[in-house]
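Accompanying notes for the structure given below.
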Amino acid sequence: MTKTLTRLFKGNQSRQGLWIVPLLITIVLSIALIIQTDQFLNRENLFNLVAQAMPLVITAVGQLFVILVGGLDLSVGSLISFTTAILALDAPGYITIPAVFLLAALLGLTNGIVITRLNVHPIIATLAMQYIVLGAARILRPVSGGTIPDVVISSVSGSFLGIPMPIFWGICVALVAWKLLYGSRFGLHLFAIGGGIASGVEDATRNFGVADKRNVILAYVACSCFAALAGVFLAGRIVSGDPNVGLLFELDAITAVAIGGTQLSGGVGSLQGTIIGALVLALLSNGMNLVNVSPFIQTAIKGGILLLVVGFQTRKKMGL
């Protein structure tokens, strides 16, 4: 029992990361909110909490794929906004929904190629893509509005088999991500590539016959597709297109992944830790809203949390 607990609290020695700590933080936060506020356990508040957390959960899961290979994707927030803008074009859902994921895959492919083939740093490459996509979203939808397909709206509201749709979305996303990360060679290769990069031996997996550049490109494609999925969820929830709805989602997603015990240098992390990290941020936001904390102060607190969790991560060199 003691050895098991020791292993859990030394998650940086395994590829799963230190995810047990954010789990304990989630429990403590929940207990504190139950004690401090009467509204927290209200059914309506709990439903809103899950619905508010789900886009961040989906985006953070996608971000996990690129962080595992030592990268970052700062374009996901703009892609979320772009997705809502496309879905609000007053076109049939059978056209706009596939178009959203096709464009997301192309954007992820572009990010991956620029990073792996042109050797552009992930922050610079995806920051440039962030501005490009944000500009496209604002051209397409300068202000909030438009008509979202009914199928998107109905997929977010209501329930399926007695399960509220936001929870159903979370289950499906977790299962798909779990299969990709832990039930396929692709996931095994991502951990191996990131481990090599974190150790300063970037061509380690290539020496063993792993197509490292191809897998990194696929990681960025997966990240963009998850961001598009988060955009679909948000479009159904706000029932309109909004060029600013994805603002700061990229930083929240990175913070959630880091809180979940994933090393930003690559190679160490877990799906469960990422989901828990997103829930920690959702609980913080919900609690601060219940006690009327200013949104500006909330943003500053999130920035401080990101700085804190990254500062405590072990790195052999400066950088990610």
**Candidates L64, L33, L41: whichever shows maximal mean-square fluctuation once the chain is modelled as a Gaussian network with Cα springs under 10 Å** = L41
**Message:** In whole percent, and with a 1.4 Å probe on the protein chains, what portion of the accessible area of the chain is carbon and sulfur?
**Reply:** 68 percent
**Request:** Work out the charge dipole of the chain with +1 on the Cβ of Lys and Arg and -1 on the Cβ of Asp and Glu about the Cα centre, then indicate which of G135, A125, I35 is farthest towards its positive end.
**Result:** A125
**Complete:** If the chain between I139 and L175 were fully extended at 0.36 nm per residue, the gain over the current Cα-Cα distance would be 9.4 nm
**Request:** Sort all Cα-Cα distances of the chain into consecutive 10 angstrom bins from zero, then give the percent of pairs in each bin up to the one containing the longest distance.
**Result:** 6, 27, 35, 24, 8, 1
**Item:** Accessible area, probe 1.4 Å, largest first, for residues W19, W178
**Value:** W178, W19
**Complete:** Regression test value, accessible area per residue of the chain, probe 1.4 Å, units Å², expected 47 Å²
**Request:** Using the Cα centre as the reference, give the magnitude of the dipole from point charges on the C-beta atoms of the chain (Lys, Arg: +1; Asp, Glu: -1; all else neutral), rounded to the nearest 20 debye.
**Result:** 960 debye
**Request:** Would you be so kind as to identify all helices of the chain, as entire DSSP H runs, whose Cα atoms reach 18 Å or more along the helix's own axis and whose mean Kyte-Doolittle hydropathy is at least 0.0?
**Result:** 20-36, 43-68, 93-116, 122-140, 165-182, 185-198, 212-238, 271-290, 295-311
**Contour minus Cα-Cα distance for N292 and L308 (0.36 nm per residue)** = 3.4 nm
**Request:** Set the Förster distance to 56 Å, then compute FRET efficiency between A99 and S199 from the Cβ-Cβ distance, nearest 0.05.
**Result:** 0.85
**Prompt:** GNM, the chain, Cα, under 10 Å: largest mean-square fluctuation among I301, I167, I259?
**Reply:** I301
**Message:** Suppose R0 equals 41 Å. What FRET efficiency, 1/(1 + (r/R0)^6) with r the Cβ-Cβ distance, do L161 and T299 give to the nearest 0.05?
**Reply:** 0.65
**Item:** Rule-of-thumb Rg ratio for the range 162-280 [Cα; 2.2 N^0.38 Å; N residues]
**Value:** 1.18
**Asked** In nm, what is the difference between 0.36 nm times the number of residues separating I124 and E44 and their Cα-Cα distance?
**Response** 24.7 nm
**Message:** Given contacts defined as C-alpha pairs under 8 Å and at least six residues apart, what's the relative contact order of the range 52-310, whole-number percent?
**Reply:** 38 percent
**Prompt:** Using a 1.4 angstrom probe with every protein chain in place, what is the largest-first accessible-area order of C223, C172?
**Reply:** C172, C223
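The values are calculated or read from the model by the stated rules, or taken from the named source; none is laboratory data. Values in this document were obtained by computation on a predicted structure and should not be read as measured data. Cβ coordinates were reconstructed from backbone atoms using ideal geometry, including for glycine residues, and neighbour counts include every protein chain displayed. Calculation scope for accessible area: heavy atoms of the full protein, side chains included, ligands and nucleic acids excluded. Shrake-Rupley method; radii C 1.70, N 1.55, O 1.52, S 1.80 Å.
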